[in-house]
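Laboratory data are not the source of any read-out in this text; all were calculated from the coordinates shown. What you are looking at is a predicted structure, and each value in this text was computed from that prediction instead of being measured. We place every Cβ from the backbone using ideal geometry, glycine too, and count neighbours over all the protein chains shown.
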Amino acid sequence: MDTPEPKHDHAQLEFPQGFLWGAATSSYQVEGNNMYSDWWQWEVNHQPFDLRSGQACDQYNRYAEDFALAKDLNHNAHRLSLEWARIEPEEDQFNQNEIDHYKQVLKSLKDQGFTVMLTLHHFTNPAWFAKKGGWESFGAPKRFERFVKKVVPELKDYVDLWITINEPGVLMFQGYLIGVWPPQKKSFPTGIRVYWNLARAHKKAYKAIHQLVPNAKVGIANNVSSFDAFHHHSLREEIGVWALDIINNHLFYQMTGIQTHDFLGLNYYFNQYLSFNTHSRFPSFVDIATTKKDTSDLGWEVYPEGIFDVLMDFSDYHKPIYITENGLASTNDDRRVRFLISYLKEIYHAIQTGADVRGYFHWSLIDNFEWADGFVPRFGLVEVDFATQKRTPRPSSKVYAEIIKHNGIEHKLLKLLGHGIDVEAELKDIMKKDH
Ligand code: FCB
């Protein structure tokens with residue numbers, strides 16, 4: 001007797017109707033010339049490398065071109081951020097021209113039918129704010145709230161989803177615990193204070209936005225990792241994994257109260273294995289390089305199953321979820337094609353299993369300034385030649401466009417998960433059959 005084929009084997013992996021498909025960027029990484037920001041000051045004065053964001057992608061001037069590209073690539077949503085320092089270059093002095101500029105930017109997205117997700121704070125601060133103690137200062141949340149109360153009434157007609165703060169945990173970790181980003185501090189108590197102030201800032205911003213826009217949808221973009229015990233028989237590793245999940249992934253919601261999050265924005269990049277080896281009393285993360293597993297150009301493990309794991313973990317909150325960032329640093333675009341399909345496939349499975357995922361924002365639309373790593377890591381669906389500012393869509397952008405067009409992953413696209421195939425030729429073939 002023939003064994004029947006599993007019925008989903010050749011079916012399209014269908015996403016929910018109205019799913020948001022887009023890409024994410026942040027102002028400092030793409031706009032260029034953000035000279036009133038603390039990062040700019042740091043580039044000029046402190047940091048040890050020869051690193052300058054300079055004109056970045058010049059998106060301050062080229063936003064229309066970039067949004068047209070996103071439109072051509074079928075995106076129906078876009079995530080971007082405001083540069084606080086442009087809008088408030090001196091304390092309590094707001095620059096109306098810059099507010100009007102952002103109004104234009106957001107309006108041009110809305111005019112083309114995009115759903116707009118706007119981040120109010122994405123790592124960078126005005127230089128004056130940093131001088132006053134930055135996020136260490138008890139007054140920081142109020143300063144942020146004043147900015148929020150100024151911009152929200154001006155921009156509210158063009159925004160669908162608000163992100164108050166991008167990755168509070170990463171901001172705290174990089175700037176105040178390991179000290180590789182401004183203000184380059186290495187102090188646990190300071191880190192705790194900063195995290196606490198960021199939580200206070202989120203709560204104030206949440207309240208302010210809701211007072212100004214009663215039916216607003218407000219959340220944060222939280223950098224979440226999947227964790228696993230290296231030795232499952234080891235109870236202390238399992239307990240370590242539990243603690244890491246609480247501290248890294250859930251703590252901010254506990255500090256702010258889940259009722260101040262209308263949705264969960266998740267940025268997923270990292271999988272970590274925790275190990276207690278016999279020579280040390282302390283746990284450590286397994287160095288993925290020793291495993292020779294697939295990693296990005298930044299050495300971050302490619303682990304699609306991890307996004308399924310975090311989605312299941314977060315589905316317990318019973319809130320709408322958006323993947324607010326997920327992407328790969330790679331100069332080899334075939335790898336980005338595999339990355340995209342395999343992570344989206346896991347998101348599909350998470351949705352089937354009950355996670356209420358409403359959208360996916362790939363990091364990033366275009367190559368950009370990757371903080372302390374400069375312009376080397378290439379995260380873009382679209383390549384940028386930083387000397388000429390020429391944009392060239394990579395094949396991965398077309399694979400994504402194809403997925404968006406069908407609101408899901410057609411079975412034939414799964415072929416592109418293979419290695420050593422000519423992606424462009426296969427893609428052409430797939431698109432030809434499509435018409
Ligand atoms: C995230 C940041 C984003 C970008 C990506 C690669 O942590 O939010 O700005 O740098 O990583």
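What is the ratio of the Cα radius of gyration of the chain to 2.2 N^0.38 Å, where N is its residue count, to two decimals?
The value comes to 0.97.
Once the Cα gyration tensor of region 135-275 is diagonalised, what are the square roots of 5 times its eigenvalues, in whole Å and ordered largest first, as equivalent ellipsoid semi-axes? Could you put the intermediate results ahead of the total?
Details: eigenvalues 186, 68, 28 Å².
Semi-axis lengths for region 135-275 are 30, 18, 12 Å.
Over region 68-223, what is the relative contact order in whole percent, taking alpha-carbon pairs under 8 Å and six or more residues apart?
On the way: 234 pairs, mean separation 38.2, N = 156.
Contact order relative to length: 24 percent.
Less than 19 Å apart at the alpha-carbon level, and either on another chain or at least 8 residues along: which lysines does that give for K149?
In chain and number order, the partners are K103, K203, K204, K207, K217.
Report the Cα-based extents of region 73-195 along its three principal axes, largest first, to the nearest Å.
If we take the Cα atoms of region 73-195, the spans are 46, 33, 18 Å.
What value, in deg cm²/dmol to 500, does the helix sum -39500 (n - 2.57) over DSSP H runs of n ≥ 4 give at 222 nm once divided by the residues of the chain? Can you show the working numbers first?
Values: 16 runs with 171 residues, N = 435.
Helix contribution divided over all residues of the chain: -12000 deg cm²/dmol.
Evaluate the relative contact order of the chain (contact order divided by residue number), counting alpha-carbon pairs under 8 angstrom at least 6 apart; express in whole percent. Kindly include the intermediate steps, with their values, before the conclusion.
Details: 774 pairs, mean separation 76.1, N = 435.
Relative contact order, the chain: 17 percent.
Take peptides 76-83, 53-60, 234-241 and line them up by average Cβ neighbours within 10 Å, highest first, as a rough protection proxy.
Details: 76-83: 25.0, 53-60: 20.9, 234-241: 15.6.
The most tightly packed comes first, giving 76-83, 53-60, 234-241.
Per residue, how much space in cubic angstrom lies within the convex hull of the C-alpha atoms of region 196-257? Kindly include the intermediate steps, with their values, before the conclusion.
On the way: hull volume 5.4 nm³, N = 62.
Once divided by residue count, the hull of region 196-257 is 87 Å³.
Can you give me the long-range amide H partners of N223? Hydrogens built in the peptide plane at 1.01 Å from N, cutoff under 5 Å, separation of 5 or more residues or another chain.
Result for N223 returns E167, G169, V170, N267.
Rounded, prolate or oblate: which one fits region 236-351, using the alpha carbon gyration tensor with axes a ≥ b ≥ c (rounded when a/c is under 1.5, else prolate when a/b beats b/c, else oblate)?
Since a/c reaches 1.5 but b/c is at least a/b, the shape of region 236-351 is classed as oblate.
Average projected area of the Cα convex hull of region 260-306, in nm²? Walk me through the intermediate numbers first.
Details: hull surface 22.1 nm².
With the hull built on Cα positions only, its mean projection is 5.5 nm².
If we restrict to alpha carbons, what Rg and Dmax does region 54-133 come to, in Å?
In Å, with Rg to one decimal and Dmax whole: 14.1, 44.
Please give me the summed charge of the neighbours of Q104: other residues whose Cβ is under 12 Å from its Cβ, Lys and Arg +1, Asp and Glu -1. Please list the in-between numbers first.
Numbers: positive: K103, K107, K110; negative: E98, D100, D111, E154.
Here the count lands on -1.
Averaged over all directions, how much area does the convex hull of the C-alpha atoms of region 136-210 cover when projected, in nm²? Don't skip to the answer; put the middle values down first.
Working: hull surface 20.1 nm².
Projected over every direction and averaged, the Cα hull of region 136-210 covers 5.0 nm².
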